[in-house]
Amino acid sequence: CSKVWDFCGIIGDNGKTVYTSGARLQDGHFFPYSTLNFAENLLRRRDEDVAIVFKGESRIERSLTYKELYDQVSQIQQALLDLGVQKGDRVAGYLPNIPEAIIAMLAAASIGAIWSSASPDFGVQGVLDRFGQIEPKVLFAVDGYYYNGKEIDCREKVKEIVSKLPSLKKTIVVQYTKADISAFNAETFE
């Protein structure tokens, strides 16, 4: 079975033990001592084929190639490292299902940081209940989102969330509704 690991081109250490059995079939484990970084494996392609296609409520459409995805993840990873984010630190996303959510998650995972997210339709207390427990160093938040043809502004909710998360070193705002195309914009709410 280690040939499957090799055939798939998995980047990582397979741990040399292919399988350990358990009392029942479902208790067995393949590659129980393996280690890998799934971000590294997902980002190994850097060509011009399309990696992500996004369409948001018929207002915003765009796609990213594997090269563009890799480059953007690399930029955000570097920003996280510059902020002192290390393996085991927590990074949170208060984002809708947009490419920037994937980019931020992959950047955090590439460092070994722990990613947690909440949809921007969560209320402030729901977000604080989730993120307050993990004490994130960095928060990626969206300025707003579209729902059922309406633009929903999140900026006031983001300000309140940020004011109640003392662990945050930085909030990075994704300009989604206030820009022609989504973009990361470092912004700190006081």
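The values are calculated or read from the model by the stated rules, or taken from the named source; none is laboratory data. On a predicted model such as this, the values are computed, not experimentally measured, just so you know. Ideal geometry is used to build each Cβ from the backbone, glycine not excepted, and the neighbour counts take in all protein chains shown. What goes into the accessible areas is simple: the full protein's heavy atoms, side chains included, and nothing from ligands, DNA or RNA. Shrake-Rupley method; radii C 1.70, N 1.55, O 1.52, S 1.80 Å.
Of the DSSP beta bridges with both residues in the chain, give the percent that are antiparallel, rounding to the nearest 5.
Beta bridges within the chain, antiparallel portion: roughly 55 percent.
Select from PHE38, VAL124, SER21 the residue farthest towards the positive end of the dipole of the chain; place +1 on Cβ of Lys and Arg, -1 on Cβ of Asp and Glu, and compute about the Cα centre.
Result: SER21.
Would you mind getting the accessible area per residue of the chain, heavy atoms of the protein chains only, 1.4 Å probe, in Å²?
So the chain comes to 57 Å² accessible per residue, rounded to a whole number.
Just to verify a number: what accessible area does SER119 come out at with the full protein assembly present, 1.4 Å probe, Å² rounded to tens?
Counting only protein heavy atoms, SER119 exposes about 40 Å² to solvent.
Looking at the square roots a ≥ b ≥ c of the eigenvalues of the Cα gyration tensor of the range 52-100, which shape do they give, rounded for a/c under 1.5, prolate if a/b is larger than b/c, or oblate?
Because a/c hits 1.5 or more and a/b fails to exceed b/c, the range 52-100 counts as oblate.
Suppose every K and R has +1 on its Cβ and every D and E has -1 on its Cβ; what is the size of the dipole of the range 37-92 about the Cα centre, in Debye to the nearest 20?
Rounded to the nearest 20 debye, it is 140 debye.
Is there a pair in LYS137/LYS164; LYS87/LYS169; LYS137/LYS170; LYS137/LYS159; LYS55/LYS170 whose C-alpha atoms are over 18 Å apart, and which pairs would that be?
As for pairs spanning more than 18 Å Cα to Cα, those are LYS55/LYS170.
What are the extents of the Cα atoms of the range 19-89 along their three principal axes, listed from largest to smallest and rounded to whole Å?
Between the extreme Cα coordinates on each principal axis of the range 19-89 lie 54, 34, 26 Å.
Run the accessible area of the chain with a 1.4 Å probe and give the carbon-and-sulfur part as a rounded percent.
Carbon with sulfur: 50 percent of the solvent-accessible area.
Identify, among LEU83, PRO96, SER2, the residue whose Cα sits farthest towards the positive end of the charge dipole of the chain, taking +1 on the Cβ of Lys and Arg and -1 on the Cβ of Asp and Glu, with the dipole about the Cα centre.
SER2
So if the hydrodynamic radius of the chain is defined as the Kirkwood radius over C-alpha pairs, what does Stokes-Einstein give as its diffusion coefficient at 4 °C and 1.567 mPa s, in µm² per second?
The Stokes-Einstein estimate is 71 µm²/s.
With +1 on the Cβ of every Lys and Arg and -1 on the Cβ of every Asp and Glu, and nothing else charged, how large is the dipole of the range 12-55 about its Cα centre, in debye rounded to the nearest 20?
With only Lys, Arg, Asp and Glu charged at Cβ, the dipole is about 100 debye.
Compute the convex hull volume of the Cα atoms of the range 87-177, divide it by the residue count, and report the result per residue in Å³ as a whole number.
78 Å³
For the range 28-123, give me the percentage of DSSP beta bridges that are antiparallel, rounded to the nearest 5 percent.
55 percent
Against the longest principal axis of the chain, how steep is helix 66-82, in degrees 0 to 90 to the nearest 10, with axes from Cα atoms?
With rounding to tens, the tilt is 80 degrees.
If the chain between GLN75 and LYS178 were fully stretched, how many nm would it gain, using 0.36 nm times the residue separation less the Cα-Cα distance?
Fully extending the segment from GLN75 to LYS178 adds 34.9 nm.
Using a 7 Å offset from the Cα along the Cα-to-Cβ direction at both ASP49 and GLN26, what is the distance between the two label points in nm, to one decimal?
3.5 nm
Nearest 20 debye, what's the magnitude of the dipole of the range 44-190 about its Cα centre given +1 on Lys and Arg Cβ and -1 on Asp and Glu Cβ?
340 debye
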